[in-house]
Structures are given as structure tokens and as C-alpha cells.
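Contents: one structure, followed by commentary.
What follows is calculated from the coordinates using simple rules that are stated; it is not laboratory data. Given the structure is predicted, the values throughout are model-derived calculations rather than measurements. Ideal geometry is used to build each Cβ from the backbone, glycine not excepted, and the neighbour counts take in all protein chains shown.
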Amino acid sequence: MTDHSAYHLHHHRLTPQMRSVLDRMARAGHPPLHTRSPAEARVAYEAGSGVLEVPKAALARVEDFTLPARDGQALPARLYAPSAAAGLPLLLYLHGGGFTIGSIATHDILCRELARLAGCMVVSLDYRLAPEHRFPTASHDAWDALAWLAEHGHTLGADPSRLAVGGDSAGGTLAAVNAILARDAGLPLALQLLIYPGCAAHQDTPSHTTFAKGLVLEAPAISWFFGHYVQSRAEREDWRFALLHAPDVEGVAPAWIGLAECDPLVDEGIDYADKLRWAGVPVDLEIYRGVTHEFIKMGRAIPEALQAHADAARALRTAFGEA
């Protein structure tokens, strides 16, 4: 997983705990995900996804259900709620995994933490993955879920007038796209919660070069993920993949953006925060120092993950009027 020459370049920037995690990954010696088939990579990612997580929180409600996509497909979803009370605010959560891997299962503990700490209902969506379902299916699925929850959330015990959307990595991209679609549809959202979202068309910001190797998310993996999802230059430059190409973001929901300092995606996350601010959108930007992509799911090893969970939950509470 880790090229040690590249890794030592960044050694001084990383926290001791982050260095220790990277050393353990290197010693484990698993073949990189991008050297496997998508199906094998999904299995491997799920197998490793809980290893560094905080303990699994017990919640009052955890329920699996489906909601309909525009083509009639029933999309699996999981509801998390910290109490059985009706009228809870609701977060639609979209998992990371480069549009190719990831699932409800890989992000189960994170969704539990958000529900527990923010006191809200969380619905995690299994949107369809590439290469079986290429761009823009994931984007359509995410929007179809949000629109359905806005209309039918009360049947789940949620208060659809207090609705937010969030996600990490590719899921952060989908969440930000949803915020633009919600504005266009006149659907008010309380917050867009973006954890190191992908925002650029061609992965050509300086941080993609600086952090190309040795830090969990490597350049060949990014190319492998996105190559399965977007097939052409036109698709890469479509704002539903590359948010920095969105023609107009005025009037979208306020944003909480949490980035990892040692992450190829850090520059484009900052650029998108700037784009939103230029358009007059309130943005709360947090950059967690000395940590890498995926750190949000390493709460057992990385204290910054616990800080990010708390910060994200506080942003949700405030946006929902619960603070």
C-alpha cells in the first residue's frame, strides 16, 4: 500500500497516530484496491472498513428499507435514529468509495455516530455503483432519495422541513450536487455536510501531486475509481461530477466542509469552499491537520476523527435549530 520514499516526504506533517496507521497498513501488505476487480475491491474495502472504527453505537432504531429510483429500481437504505420520537430532523448520508466501492455496511458506524451525536435521524443510501452503473446514475439515485425523503420522510418519523444532505469523498460530491439540485427544485435544505468531497474535473490541483503516493488514497486508485464512473472528458467536466464547473451555486444550502490536510483532494475542497463563499453561501471550513483521506472512519486510532464527528454533529444540530 505504501511507497516508503514518498511516505517519508510527508512524515513530518503526519500526526504520530496517523503515521502508525500507515505503518500498520504497509505491514499488512494487502494488494491495493485498484489492482483488483471492482467486485473484489468492494469485498476488501468492506472487510477492512471496521478495523479502525469506534465501537458500534447501539441506537433506538436501526431499520432497513427501500426507496424508489426514477427507473423503478428499489434502492436499499438504512435508517438510524437515536430515539423513537417522531419529528426528528433528517440527514441523507451518501457513502464514499469513488463511485465504485462502499456501501451501507462500510459506513454503518459513521452513520450511527452522526445520529447519536447530532440527535437526528440518518438515512444511509446504497446508490448504484460503477462500472455496472456509470455516471450519472449515482447522482440520480442520490437526488431521487432526497426528493423521496422530502415528500415521505414523515412516514419514517422524520420532520422533512428539517432536512440535510451529507457524505464523504465521492459521497460528498453527491451531497453537494444534491444541494444544487435542491436549490433548483425549491427544496429547502438546512445543511450540506461535505467530508473531503471530490470537486475537480481532472485531479490536477497541486495537492494531487504532493500527496499522490503513500497516504491511503493514491493517484492510481483515484484514476481507477473515476475511470469506472466517468468515461469522457465531457462527463469529467460535467458539474454533476466536477462541482467546480457548476455554473452557479448562489442560494444553495449552508455548508460544513471537513478536509484532511494530507489528502490529494484537499485543494479542490478549499476551492469549492471559496466558490460557495463567493456566491454568498455560509461556509464552515475545517481542515484537520496531519491526517489523510479516510481518517473520518478511523476513530479508534485517530483523535482527529472524533473531533470531526463532534464538529459535524454540532454543525447539524445548529442547522436543525437544536444547538
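Key figures
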| quantity | calculated |
| --- | --- |
| Scattering curve values for the chain, log₁₀ I(q)/I(0), Debye with Cα scatterers, q = 0.10, 0.13 Å⁻¹ | -0.50, -0.89 |
| Region 82-158: Cα Rg divided by the 2.2 N^0.38 Å rule of thumb | 1.16 |
| Nearby lysines by direct alpha-carbon distance to K56 (threshold 28 angstrom, same-chain neighbours under 8 apart not counted) | K297 |
| M298, M25 arranged by Cβ crowding within 10 Å, fewest neighbours leading | M25, M298 |
| Spatially proximal aspartates and glutamates relative to K213 (Cα-Cα < 19 Å; intrachain offsets below 8 disregarded) | D3, D23, D204, E261, D263, D267, E268, E294 |
| Using θ = phi - 60° and Karplus 6.51 cos²θ - 1.76 cosθ + 1.60, couplings along region 99-107 (whole Hz; Gly, Pro as x) | 6, 10, 10, x, 6, 4, 5, 5, 10 |
| Helix-only mean residue ellipticity at 222 nm for the chain, each DSSP H run of n ≥ 4 adding -39500 (n - 2.57), per residue, nearest 500 | -11500 deg cm²/dmol |
| Listed peptides 259-269, 85-95 by packing density, highest first (mean Cβ within 10 Å) | 259-269, 85-95 |
| Charge tally in the Cβ shell below 14 Å around H12, where Lys, Arg are +1 and Asp, Glu are -1, H12 excluded | +2 |
